[in-house]
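Undergrad: My structure is below; once you've seen it, I'll send some questions.
The values are calculated or read from the model by the stated rules, or taken from the named source; none is laboratory data. In this text, all values refer to a predicted model and were calculated from it rather than measured experimentally. Here Cβ is always computed from backbone atoms with ideal geometry, including for glycine, and neighbour counts include all displayed protein chains. Quick note on the areas: whole protein, heavy atoms, side chains included, nothing else; ligands and nucleic acids left out. Shrake-Rupley method; radii C 1.70, N 1.55, O 1.52, S 1.80 Å.
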Amino acid sequence: MKGHEPKVPRMEDILSLPVQDPPCAEFSAAHIKWVKVEGGRQGGDDIALIPFPRVNDFVKGESSNAECPASFRIESRRKRSEGSISKPRVDCYLEYTLYWCSYGPEDYRDSESTMGDGSHTKPVTGKGSRPGRRHMMRGCLCHFTVKRLYTRPFLALIIYNQRKHVDKTGAPCHGILDVDAVGTRAMYAPRISEELRQKVMSLLYIGISLDNIIQHHAEVVQGHGGPLNRDDFLTRNDVRNMERIVRNSSYKLHADDEFSVRMWVQRHQKHVFFFQDMSSTEPFVLGIQTDWQLQQMIHYGHSGLVASHSTFGLKKLKYPLCTLLVFDSSQNAIPVAWIITSSFVTQDIHKWIGSLAERIRSKDPSWRPNAFLVDDPSFDISFIRVAFQCRSLLCTWHLRRAWMRSLLKKCCNIDVQREMFKHLGWILYSTRSGSNADDAVEEFMQVYVDQCIFMDYFKRRWLPYIELWINSMRSLPVASTEPQAAIEFYHLRLKSKLFDQQHANSYTRIDWLIHTLTTGFHSLYWLDQYSAETGYFTDARDKSFLTNAWYQALQVPDVDVILDEQNLQLAKVISQTDRSLAYTLWNPGSEFSLCDCAWSRQGNICKHVIKVAILCKNRQVARPLLASQVYRQALLTLLQNPPDDPLVLEHAILRVSRLQQDIKGLEDLSNNGSLQPSMPEMNSQVGDSLLLFLVLH
């Protein structure tokens, strides 16, 4: 009966529709439940609501239609500002975008035979002949509209006007269903994919020639048995066009740096996860992440480590640069996001970190790192914990490097260098176990009062901030030496690529920094990953990626380490190139270890320091993790002074349970090599104390 038929919703009812967010990274119309709308201008069209940040995922998914591969172009776009309409309709938009299949709407399949008879007419869309694309036009009517709703800016209304890839006769006009397209490019998408474009552009930025790129592409196509998609039809002309773009590209889009940056942001919005222009009250903030960087962050960051490399270029660049890093299978630190800000990045983290986390989880809702490494104690850990839902570790690579290099430069006696370096580490760690910070610093300055040059540097550069570092050491676990060495290696690479004297006049321009990072520097890391995964272009690969200290340390056999477990004052590591030579390490197992090899004598973390640190962890002979000492002290305090108030007691039990979870998490990080190791007897004592407390109460 007619009365029992489901009611077709009108456009006024769209906000009552469910918001659909398929869990896959890219999705198409097949993943969505469509509703046919009644009445209005969109009467009879299919509609659906999705989160606005996922519009690009939908467009990509629709372009991957197996029967009709396509490429949807933006046919028209309109925007209006918030507050411009006093009484908006329910389907009123902030942004309106019309996407049309690139095989239409014009049809030039028969135009070649009629070009000379003068019968050709102007396309119905009024956009002219679309120069250079006549061969693609096959009259496809497939198109859809996306509206970013005025009253719900976080939602996108998709209106599918024609879901089938057909011409005006209703017949398939491209893809495998079109018999006339079989054996031609019309079987496939009309353009190469963004992935292939990124690949070719990266190879060109690295310096790979056009001929080598074409030859490599032919080998890849032959390897999988012949053409399977549009990418397999890559031509010399395609590569030549991209080569021309690379050759003619310039960082200076405008003489004014600020205007040039705005132009870059406008042209590369898909690579910008946060942008705030400078004003009288707000600082400049720009967050950059390419699609490839996003993929690497999801791949290596999930259940792994994410680290910050902050305040780079304070003295030379106009604004300092912060990089977020993950660590690949070769222990290289890969840049997965860049943040440029006119203020210290730690002051503005609340502005951009939420946008970055939202961007990642829009691709993978389950993404979650094990820990976030901060190299600046002024970071507000609470924002990181909320955004990334993980614990934070303190990374002292910058502090260690600055102290070591200054000692090597300002103190000539090797023995004194070694003792001062060890004492500086003791200042940080001993205060964490209960000593007074001021007393420890005062003792250091009295013992080495004769080292005037270093002491002047220490007082000027570090004394105002030493309490901040010490407080962070008291409250945060410390990252192990391995990731610190990888971050340091990234720092050296970034410094060598950016601070080339031939670009000295450009250091103060932000557009130059953006261009350098997103072209040549980005391509270095892309090529390294591509070469490692496929085996291609190994000769063009930067060999220094295989010389980072963490990777090299893993190649040193355990038998080449001479370690007296009863006396951990020093250790020796036999050279891998000269077996008659052994390097000496002082204070082994600590990030404040010092080696007498040439690399360490330049202030760097060497492979010998890391190898001994790994061995100490595996043999469990390193000093107890001081974070565990802090937890243990809190537990003992609860045990010795149980509260009488039931509410306080309940709170104490909850606190102990949380401490138990934290300790378990720290043990996992320690087992993964991300944390300084804990002594086994300490873990058992803490566990016994937890059990006793919970049983007694």
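Undergrad: So who's got an amide H within less than 5 Å of the one on Met137, skipping anything under 5 residues away but keeping other chains? H placed 1.01 Å off N, in plane.
TA: Tyr108
Undergrad: Within the stretch 145-257, what whole-number % of the accessible surface is contributed by carbon and sulfur, with the 1.4 Å probe and all protein chains included in the calculation?
TA: Percent of accessible area from carbon and sulfur atoms in the stretch 145-257: 51.
Undergrad: Run down the lysines and flag those whose C-alpha is under 23 Å from the C-alpha of Lys33, throwing out any fewer than 8 positions away in its chain.
TA: The reachable lysines, counting only those whose Cα sits under 23 Å from Lys33, are Lys7, Lys60, Lys147, Lys164, Lys363.
Undergrad: Under the Karplus relation 6.51 cos²θ - 1.76 cosθ + 1.60, θ = phi - 60°, what is the ordered set of whole-Hz ³J(HN,Hα) values for the stretch 394-405, x standing for Gly and Pro?
TA: Calculated HN-Hα couplings, in order: 8, 10, 9, 4, 5, 4, 4, 5, 4, 5, 5, 5 Hz.
Undergrad: Further question: At 1.4 Å probe size, what's the solvent-accessible area of Ile32? Round to the nearest 10 Å².
TA: Surface accessible to solvent at Ile32 totals approximately 10 Å².
Undergrad: Rounded, prolate or oblate: which fits the stretch 549-619, taking a ≥ b ≥ c as square roots of the Cα gyration tensor eigenvalues, rounded meaning a/c under 1.5, else prolate when a/b beats b/c?
TA: rounded
Undergrad: Can you give the accessible area of Leu196, probe radius 1.4 Å, in Å² rounded to 10?
TA: For Leu196, solvent-accessible area is about 20 Å².
Undergrad: Going by a ≥ b ≥ c, the root eigenvalues of the Cα gyration tensor, does the stretch 467-596 fall in the rounded group (a/c under 1.5), the prolate group (a/b larger than b/c) or the oblate group? Numbers along the way, then the final one.
TA: Values: a/c = 2.42, a/b = 1.46, b/c = 1.66.
Oblate.
Undergrad: Tally Lys and Arg at +1 and Asp and Glu at -1 over the other residues with C-beta under 15 Å from the C-beta of Ser343: what net charge comes out? Intermediate values should be presented prior to the final figure.
TA: Values: positive: Lys318, Lys351; negative: Asp277, Glu282, Asp348, Asp376, Asp380.
Once all neighbours under 15 Å are counted, the net charge is -3.
Undergrad: State whether the stretch 358-514 is rounded, prolate or oblate according to the following rule on the C-alpha gyration tensor (a ≥ b ≥ c being the square roots of its eigenvalues): a/c under 1.5 gives rounded; otherwise a/b larger than b/c gives prolate, and the remaining case gives oblate.
TA: Judged from the Cα gyration tensor, the stretch 358-514 comes out oblate (a/c at least 1.5, b/c at or above a/b).
Undergrad: A further question follows. For the stretch 209-347, what is the convex hull volume of its Cα atoms per residue in Å³?
TA: Dividing the Cα hull volume of the stretch 209-347 by its residue count gives 179 Å³.
Undergrad: Once you have the Kirkwood Rh of the stretch 147-233 from its Cα pairs, apply Stokes-Einstein at 20 °C and 1.002 mPa s and quote D in µm²/s.
TA: Stokes-Einstein gives a translational diffusion coefficient of 131 µm²/s.
Undergrad: Another question, if that's okay. Take the solvent-accessible surface of the protein heavy atoms, probe 1.4 Å, and return the percent of it on the stretch 350-460 that carbon and sulfur atoms account for.
TA: 49 percent
Undergrad: Could the peptides 489-500, 538-549 be put in order, highest first, of the mean number of other beta-carbon atoms found within 10 Å of their residues?
TA: Result, highest mean Cβ count within 10 Å first: 489-500, 538-549.
Undergrad: Using 0.36 nm times the number of residues separating Arg78 and Val386, minus their current alpha carbon distance, what extension gain do you get?
TA: Length difference between fully extended and current span is 107.3 nm.
Undergrad: With a 1.4 Å probe and all protein chains kept in place, how do Lys164, Lys252, Lys607 rank by accessible area, largest first? Write down the numbers at each step before the final one.
TA: On the way: Lys164 140, Lys252 100, Lys607 50 Å².
Putting Lys164, Lys252, Lys607 in descending order of accessible area: Lys164, Lys252, Lys607.
Undergrad: Let me ask you something else. Pop out the ³J(HN,Hα) list for the stretch 83-94 in order, Karplus 6.51 cos²θ - 1.76 cosθ + 1.60 with θ = phi - 60°, rounded to Hz; leave Gly and Pro as x.
TA: Using θ = phi - 60°, the values come out as x, 7, 10, 7, 10, x, 6, 5, 9, 5, 10, 8 Hz.
Undergrad: Follow-up question, since we're still on this one. Quantify how much of the Cα-Cα distance distribution of the stretch 194-248 extends past 12 Å, in percent.
TA: Here the tail beyond 12 Å accounts for 64 percent of pairs.
Undergrad: Okay, moving on. If you plug each phi of the stretch 525-536 into the Karplus form 6.51 cos²θ - 1.76 cosθ + 1.60 with θ = phi - 60°, what whole-Hz ³J(HN,Hα) values come out, in order, with x for Gly and Pro?
TA: In residue order, the calculated couplings are 6, 4, 5, 4, 5, 5, 5, 5, 7, 10, x, 7 Hz.
Undergrad: Sort Glu62, Glu565 by heavy-atom solvent-accessible area, probe 1.4 angstrom, most to least. All intermediate terms of the calculation are to be shown ahead of the outcome.
TA: On the way: Glu62 15, Glu565 85 Å².
So, going from the largest accessible area down, we get Glu565, Glu62.
Undergrad: So how much accessible area does Glu419 have, in Å² to the nearest 10, using a 1.4 Å probe?
TA: About 90 Å², ignoring ligands and nucleic acids.
Undergrad: Please list, in chain and number order, the residues 5+ apart from Leu373 or on another chain whose amide H is under 5 Å from its amide H, with Hs placed from the backbone.
TA: Sorted by chain and number, the residues that satisfy this are Val306, Ala307, Ser308, Leu393.
Undergrad: Still on this structure: Tyr188: net charge of surrounding residues, Cβ under 12 Å, Lys/Arg +1, Asp/Glu -1, itself excluded?
TA: Net charge in that neighbourhood comes out at -1.
Undergrad: For the full complex of protein chains and a 1.4 angstrom probe, list Asp328, Asp439 by accessible area with the highest value first.
TA: Details: Asp328 15, Asp439 100 Å².
Of Asp328, Asp439, the descending order of accessible area is Asp439, Asp328.
Undergrad: Also, quick follow-up: For Lys410, list the lysines whose Cα falls under 18 Å from its own Cα; do not include residues on the same chain fewer than 8 positions away.
TA: Correct list for Lys410: Lys422, Lys459.
Undergrad: Using only the alpha carbons of the stretch 263-417, what is the convex hull's orientation-averaged projected area in square nanometres?
TA: Mean shadow area of the hull around the Cα atoms is 11.4 nm².
Undergrad: Next question, about the same structure. Averaged per residue, what accessible area in Å² does the stretch 417-510 show with a 1.4 Å probe, protein chains only?
TA: On the way: 4270 Å² over 94 residues.
Computed with neighbouring chains in place, this is 45 Å² per residue.
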